[in-house]
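Read-outs: derived from the displayed coordinates by stated rules, not from any lab. All of these numbers come straight from a predicted model, not from anything done at the bench. Ideal geometry is used to build each Cβ from the backbone, glycine not excepted, and the neighbour counts take in all protein chains shown.
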Amino acid sequence: MRNLLFIFSFKNRNPLTAIFLFVIAVVILEIAFSFRPPNTLMQSLRTNRVATGSVPDWEIMGDSVAQGGIIATQLAGYLSDDQSVTNFAIASTGPEFPYFLLNRQIAAGKAPKKIIYAPSPHTFASKRIAILVGGFCNWREIFEIASSGVQPCEVVYGVLCKVSYTLRHREELKELFKTKKAPAPKLETPRYPASRLKPMYKKPFTVEQFNGLFFLKFLTLAQEHNIPIYWVTMPVLPVVSESRKPFNFETDYYRFVDDLEKQFDVRDLQKKFILFGETDFIDYIHLNSVAAERFTEMLGAKLSLVLSHDDRLVETPPAFARDRSP
Amino acid sequence: MLFNTIQFGVFFLTVFFLYLVLPHKWQNRMLLVASYFFYACWDYRFLTLIFISTTVDFFVGKWIYETPDRRRKKHILFWSILFNLGFLGFFKYYGFFAESLRGLLGAFGLHVGITTLHIVLPVGISFYTFQSMSYTFDIYRDELKPTNNYFDFALCVAFFPHMVAGPIQRAQSLIDQVTTPRTISKDNFTEGFYLIIWGLFKKMVVADNMSLIVEPIFAQSSGFTTGQVFIGALGFAFQIYGDFSGYSDIARGTARLLGFNLMVNFNLPYFATSPQDFWRRWHISLSTWLRDYLYVSLGGNRKGEARTYFNLMITMVLGGLWHGASWTFVIWGAYHGALLCAHRALQRFLPKISESEYPVGAIIWKWARITFMFGLTLYGWLIFRATSFAQLAEMTRALFAFHIERSTVSLCAKILFYCSALLLVQFWQFRRNNLNTVRESPVLIQTAFYLACFYLVLIFGVFDAQSFIYFQF
């Protein structure tokens with residue numbers, strides 16, 4: 001007991017004891033932190049998206065842009081009564097995620113019948129292994145990622161994120177130290193000037209190798225289970241569209257989707273970029289709720305039109321949709 | 001492979017565990033292979049340069065030692081220096097001198113077509129060239145006996161912790177450590193651990209966050225305000241210090257875990273009271289190298305007052321040029337040379353306040369000198385970091401316009417936020433006049449220090465590994 005007390009004595013200056021205590025403290029703190037509720041992103045990533053409810057007929061997949069930009073209940077109004085739509089788009093994700101999500105749903109016997117895939121095109125260029133491994137995947141899936149030829153260090157970092165609460169929530173913890181809140185956006189014109197556009201929106205369209213690998217796996221998996229994928233490109237701001245023109249972003253993106261349409265059961269629902277005005281956005285890429293309603297309405301009308309021409313589906317669009325179809 | 005990446009962590013752990021199980025001779029061989037692999041991760045093509053430099057200096061060292069005639073020794077040394085500096089000059093300075101000559105001739109109306117080659121600068125060439133040169137210098141001065149084992153010498157030059165950015169270790173001290181069996185003692189382990197975690201904190205929390213503040217300021221070419229210039233200089237002062245001393249600490253820490261003892265490279269430089277004191281605290285391995293091999297060789301202070309000033313200026317200008325092929329580095333060197341000369345000339349006029357007679361006065365005087373020297377250092381960093389003379393002139397003009405905007409205060413607070421832990425620890429070290437203060441403090445304080453560093457790195461560290469500034473030198 002006296003020896004134990006001596007460890008904490010001010011007379012004890014043994015550096016090795018300090019390192020030992022530090023390691024123990026880190027382990028205790030991380031275990032204690034892990035009992036804290038996860039943040040919204042982690043909660044969203046960890047939600048078991050296969051166990052609740054019945055099998056959806058239509059499932060929306062994508063990132064935060066699709067999550068807030070397509071309203072599932074509204075879209076269901078354009079389909080026949082027995083058709084259900086679920087929005088499973090997850091914020092902060094990219095094209096490497098749907099494979100894992102669909103795989104889980106198939107394993108649980110809850111795979112959707114059709115998928116509306118609405119990615120943000122810029123997400124194809126960068127990978128998010130830390131979020132994927134640290135927040136989303138289980139150990140079996142991590143092993144699959146590690147054995148897919150991805151850099152081991154990236155997987156190691158992801159695993160570190162998975163085991164360390166602090167690392168996983170570092171962005172949120174950093175925010176706690178920001179005393180000054182960001183000022184409310186001024187209603188200036190233009191509200192979203194090109195000068196403040198983030199570099200990630202001003203790049204050519206490219207598909208990162210890891211993303212490409214798991215996205216193709218997703219398409220293959222969907223095809224194996226006869227799940228058609230309806231491709232949707234979310235509306236963009238004119239300034240975003242303009243800044244991408246020098247890189248032929250849109251042409252390359254269309255070529256990419258066209259290739260997918262030829263190889264897999266990918267169908268064009270709203271492949272072309274459409275421009276929405278500045279007042280329709282809450283930032284450079286996310287639609288506000290009014291614009292989301294307008295876009296869903298547009299999408300619903302188009303969907304009912306597409307479905308009415310689709311030989312494989314026998315259904316009648318509801319009157320509401322027929323009235324508003326272009 | 002940067003020190004602040006998981007790749008390096010994996011690499012080092014592999015080396016460390018292999019090191020633990022191998023006998024001494026094989027430890028050295030394994031370290032040599034690991035060091036070459038470490039370097040090859042940047043650019044394997046430049047391994048040839050290290051190999052040539054190592055081989056030439058190894059045999060030249062032997063040749064000098066075996067030559068009895070002093071004049072002949074001098075000749076061999078001369079050719080060896082010419083070879084090493086020729087290598088360095090070609091890869092680092094060819095483009096710079098070609099461009100400068102073309103500009104100079106152009107000013108006189110002579111338009112000469114000088115071929116400029118787009119040469120990639122090999123990482124760490126200045127460091128390992130100086131490291132290798134010190135070996136032949138020491139043999140020439142009869143301060144060192146050449147080693148007979150080529151691989152041991154090759155390891156001294158290429159030892160991965162210090163290969164790309166120093167500390168520029170003296171050949172004597174490193175050869176002794178390579179040739180004698182090393183032990184991984186409790187002391188080595190704890191000091192290594194302390195240095196690594198402190199170095200990572202300096203690099204990832206201080207330097208990389210300062211870089212986010214500083215880069216946009218120096219990206220401008222005009223329209224500076226006094227506040228911006230001040231923030232730019234202050235931020236860069238902490239960026240370069242955190243970056244380079246962080247690198248040195250990690251280098252020393254990893255070497256220490258392997259049983260090696262590399263020299264201290266930084267000793268609280270921003271607490272310097274004079275230019276002379278600053279250079280005793282900043283990049284110590286380079287400043288002592290320049291002092292011992294250049295300043296002393298030029299005659300040092302043994303050839304009269306005027307020659308001393310000349311030698312100081314030459315040493316500092318060449319020291320500035322060593323940092324990079326740009327006139328701003330030359331001017332930075334000249335600026336520090338001028339400060340050293342001015343201090344030397346004015347030293348006798350400066351009041352000497354006895355600490356025992358006037359304790360309060362002595363403290364005030366000391367802090368006044370520290371503050372003044374820090375101000376001079378800040379201006380030096382402006383010269384160092386400026387992208388062009390035009391930018392430097394603009395910034396200097398803005399500095400005296402005394403226009404401080406509101407954002408300066410918030411940026412100052414941001415700098416203080418990221419640097420407060422560093423300043424606190426360094427102030428403590430300065431008060432105790434001991435760099436080991438943390439490791440010698442009670443266990444609870446040490447633990448709190450490690451926890452603070454660890455969590456600050458985890459939360460505030462910049463994780464998209466930024467390269468170390470001194471790698472470009």
Inset, instruction - Quick one: what are the phi-derived ³J(HN,Hα) couplings along the range B:442-454, Karplus 6.51/-1.76/1.60 with θ = phi - 60°, whole Hz, x for glycine and proline? - result: x, 3, 5, 5, 4, 4, 4, 4, 4, 5, 4, 4, 4
Legend entry - Within 10 Å of each Cβ in B:437-450, the average number of Cβ atoms from other chains: 6
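In peptide B:7-13, what is the residue-averaged number of other protein chain Cβ atoms found within 10 Å of each Cβ?
Numbers: counts 5, 1, 2, 3, 1, 0, 0.
Other-chain Cβ atoms within 10 Å of each residue's Cβ, averaged: 2.
When the helices in chain B are scored as -39500 (n - 2.57) per DSSP H run of 4 or longer and the sum is shared across all residues, what 222 nm value do you end up with, to the nearest 500 deg cm²/dmol?
On the way: 20 runs with 322 residues, N = 473.
Helix contribution divided over all residues of chain B: -22500 deg cm²/dmol.
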Legend entry - Mean Cβ neighbour count within 10 Å, used as a protection proxy, ranking A:21-33, B:76-88 highest first: B:76-88, A:21-33
Legend entry - Estimated dipole of the range B:195-295 in Debye, rounded to 20 [Cβ of Lys and Arg +1, of Asp and Glu -1, Cα centre]: 260
Inset, instruction - Could you go through the range B:210-220 in sequence order and give the Karplus-derived ³J(HN,Hα) for each residue, using 6.51 cos²θ - 1.76 cosθ + 1.60 with θ = phi - 60°, rounded to whole Hz, and x for Gly and Pro? - result: 5, 4, 5, 7, 6, 3, x, 5, 6, 6, 6
Legend entry - 3J(HN,Hα) from dihedral phi, the range A:117-127, Karplus parametrisation 6.51/-1.76/1.60, rounded to Hz, x for glycine, proline: 9, 10, x, 8, x, 5, 6, 5, 7, 10, 9
Inset, instruction - Please report, in whole Å, how far the alpha carbons of the range B:305-439 spread along each principal axis, starting with the longest. - result: 48, 45, 35
Legend entry - Solvent-free Debye scattering, log10 I(q)/I(0), computed from the Cα coordinates of the range A:164-302 at q = 0.08, 0.10, 0.16 Å⁻¹: -0.32, -0.50, -1.09
Legend entry - Placed amide H near A:I71: partners under 5 Å, 5+ positions off or other chain: A:T296
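I need the shape label for chain B. Rule: rounded when a/c is under 1.5, else prolate if a/b > b/c, else oblate, with a, b, c from the alpha carbon gyration tensor. Intermediate results must be reported in sequence, preceding the final value.
On the way: a/c = 1.40, a/b = 1.12, b/c = 1.25.
Because its axes are fairly even, with a/c under 1.5, chain B counts as rounded.
What is the average number of partner chain Cβ atoms found within 10 Å of a Cβ in A:19-26? Mind dumping the intermediate values first?
Values: counts 9, 2, 7, 11, 3, 1, 5, 5.
If you average over the peptide's residues, the count of other-chain Cβ atoms is 5.
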Inset, instruction - Using amide H atoms built 1.01 Å from N in the peptide plane, name the residues 5+ places from A:I116, or on other chains, whose amide H lies under 5 Å from its own. - result: A:E59, A:I60, A:M61, A:Y230
Inset, instruction - Just name one of B:Y358, B:V457, B:L382: the one whose Cα is farthest towards the positive end of the charge dipole of the range B:322-473 (beta-carbon charges, Lys/Arg +1, Asp/Glu -1). - result: B:Y358
Inset, instruction - Assuming a ≥ b ≥ c are the square roots of the Cα gyration tensor eigenvalues, decide whether the range A:260-309 counts as rounded (a/c under 1.5), prolate (otherwise, with a/b larger than b/c) or oblate. - result: oblate
Inset, instruction - Under 19 Å from a label point 7 Å along Cα→Cβ of A:S147: give me every residue in the range A:86-105 with its amide N that close. - result: A:99-101, A:103-104
Inset, instruction - Starting with the highest mean, order A:144-153, A:279-288 by the number of other Cβ atoms within 10 Å, averaged over the residues of each peptide. - result: A:279-288, A:144-153
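Which peptide among B:436-443, B:365-372 comes first, and what is the full order, when sorted by highest mean count of other Cβ atoms within 10 Å?
On the way: B:436-443: 17.1, B:365-372: 13.6.
Taking the mean over residues of other Cβ atoms within 10 Å, the ranking is B:436-443, B:365-372.
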Legend entry - Stretchable slack from B:T180 to B:L298, in nm (0.36 nm times residue separation minus alpha-carbon distance): 39.0 nm
Inset, instruction - Once you have a ≥ b ≥ c as the square roots of the Cα gyration tensor eigenvalues for the range B:186-331, tell me rounded if a/c is under 1.5, and otherwise prolate or oblate according to whether a/b is larger than b/c. - result: oblate
Legend entry - Rg and Dmax of the range A:91-221, Cα atoms only, in Å: 17.8, 51
Inset, instruction - Once you have the Kirkwood Rh of the range A:130-177 from its Cα pairs, apply Stokes-Einstein at 25 °C and 0.890 mPa s and quote D in µm²/s. - result: 223
